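Structure, as structure tokens:
Read-outs: derived from the displayed coordinates by stated rules, not from any lab. What you see is a predicted model; the values in this text were computed from it and never measured. Backbone-built Cβ (ideal geometry, glycine too); neighbour counts: all protein chains shown.
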Amino acid sequence: MSSPLPKNWLAIRLSALGDLILTSGPLHYLHATHGWNFHVLTRKGIAPVLENHPGIDRLIFPNEHSLKGKEWFRAARELSERYKGWGLLDLHGTLRSQILTTFWKGPVRRYPKFSLTRRVFSRTRLNLLGERLNRYNVPQRYALAIEKEAPSREELRPRIWLTAQEKSFSDSFFTEHGLTERPVVALHPFATHPGKQWPIGHWLTLIRKLDAKGWSCLILGRSSEPLPAQELPENVVDATNASSLRETCALIARSRALVTGDSGPMHMGTALGVPTIGLFGPTTSHWGFFPSGEHDVVLESALHCRPCSLHGGKGCPDSIRCMRDIMPEQVLTEILRNS
């Protein structure tokens, strides 16, 4: 007979923002159904999205130097001693997390990453592989590290818990910036990977159309190239590079809807229960990252070349047509329909 699993676990997910947000649902599910408690090993810059999570007792931030080369072997040994007898939940599936498992002094569970299946499907488009990938989204794949059958997508939907102070901040921000008289849509017009960037001209057209319909726009996110201020209508508040992660969450939660590409802030919208419109180009549902909220919508183009890469960083011979073909009028229609 196998020994019972411990109640305390160290979960590891070091990057990226969206992936970390997607751990929140499975960890909450395991806390609620199994009574488990977690410490989470992640990077300090993205960790705030897990603050106030009822199943997480502590967030652990490794020194960046300790994550490299021989230093990681030393850090892995220290972690295994510190957490002796705890379970290790590997939600990253990298060489670094695998090194940690070799030193671990307790049960280890890893999630099925489907890396080979994804890569073969990307090259072959075999229907059998596509169906297998579409069966589970990323939170369900995380849950399969523990469960024999994946819970529903709604049971594992990501969540972010805001404090009363954070909600008060967003109320004050909206009042100070004149955002209380008209419905507000939050826009995240930036992309880490160039293939996921919706054209700037499309964003500006959408903003003008929203303004004509009586909506205000709140631009959020971080970028070295904000939208051109001279082309923005009066009823637009540009908070680019002006809010922390938690403040951004609070501002999204105060908005009527969120429009963004396949990004970390997209998962914030889902986690906060805000109707989220995700614009997808190089990536598709097969990778498991589509937003899963009840009122979330995905807009995408039916092009045979999709998906073309795992992250959207691959060069495109057709000038990212998959993103260009999503028209501002489509986005406007979804905003008005779902908000």
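Values computed for the structure shown
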{"read-out": "Neighbour-count ranking [beta-carbon atoms within 10 angstrom, fewest first] of 142, 29", "value": "29, 142"}
{"read-out": "Folded to 0 to 90 degrees: helix 328-338 orientation relative to the chain principal axis, Cα", "value": "70"}
{"read-out": "Hz values of 3J(HN,Hα) by residue in the range 147-164 - Karplus curve (6.51, -1.76, 1.60), Gly and Pro given as x", "value": "8, 6, 10, 6, x, 5, 5, 5, 4, 10, 4, x, 9, 10, 9, 8, 8, 4"}
{"read-out": "Pairs of Cα atoms farther than 28 Å apart, the chain, %", "value": "45"}
{"read-out": "Cut-off under 5 Å, modelled amide H: who pairs with residue 277 long-range", "value": "258, 259, 260, 297"}
{"read-out": "Cα-derived Rg over Rh, computed across the range 260-320 with Rh taken as Kirkwood radius", "value": "0.99"}
{"read-out": "Set of aspartates and glutamates with alpha-carbon distance to residue 68 below 19 Å, sequence-local pairs under 8 removed", "value": "78, 90"}
{"read-out": "Per residue, the convex hull volume that the Cα atoms of the range 123-237 enclose (Å³)", "value": "200"}
{"read-out": "Peptides 244-251, 65-72, 129-136, 292-299 ordered by average Cβ neighbours within 10 Å, highest first", "value": "244-251, 292-299, 129-136, 65-72"}
{"read-out": "Eligible lysines near residue 105 by straight Cα distance, threshold 16 Å, same-chain separation 8 or greater", "value": "7, 84"}
{"read-out": "Descending Cα extents along the principal axes, the range 8-143, whole Å", "value": "46, 36, 28"}
{"read-out": "Rounded to 10°, Cα long-axis angle of helix 69-82 versus longest principal axis of the chain", "value": "70"}
{"read-out": "Percent RCO, i.e. relative contact order, over the range 164-338, from Cα pairs under 8 Å lying at least 6 residues apart", "value": "24"}
{"read-out": "Rg over Rh, two decimals, the range 191-268 (C-alpha only, Kirkwood Rh)", "value": "0.92"}
{"read-out": "Rough spin-label spacing in nm, given labels placed 7 Å along Cα→Cβ, for residue 153 and residue 101", "value": "2.7"}
{"read-out": "Convex hull volume per residue in cubic angstrom - Cα atoms of the range 164-338", "value": "112"}
{"read-out": "Nearest-ten-degree value, helix 17-34 long axis tilted from longest Cα axis of the chain", "value": "50"}
{"read-out": "Amide H contacts under 5 Å for residue 222, placed H, 5+ residues apart", "value": "241"}
{"read-out": "Pairwise Cα inverse-distance average, inverted: Kirkwood Rh of the range 155-205 (Å)", "value": "14.3"}
{"read-out": "Nearby lysines by direct alpha-carbon distance to residue 196 (threshold 19 angstrom, same-chain neighbours under 8 apart not counted)", "value": "314"}
{"read-out": "Distance in nm between pseudo-label sites at residue 94 and residue 127 (7 Å out along the Cβ direction from Cα)", "value": "3.8"}
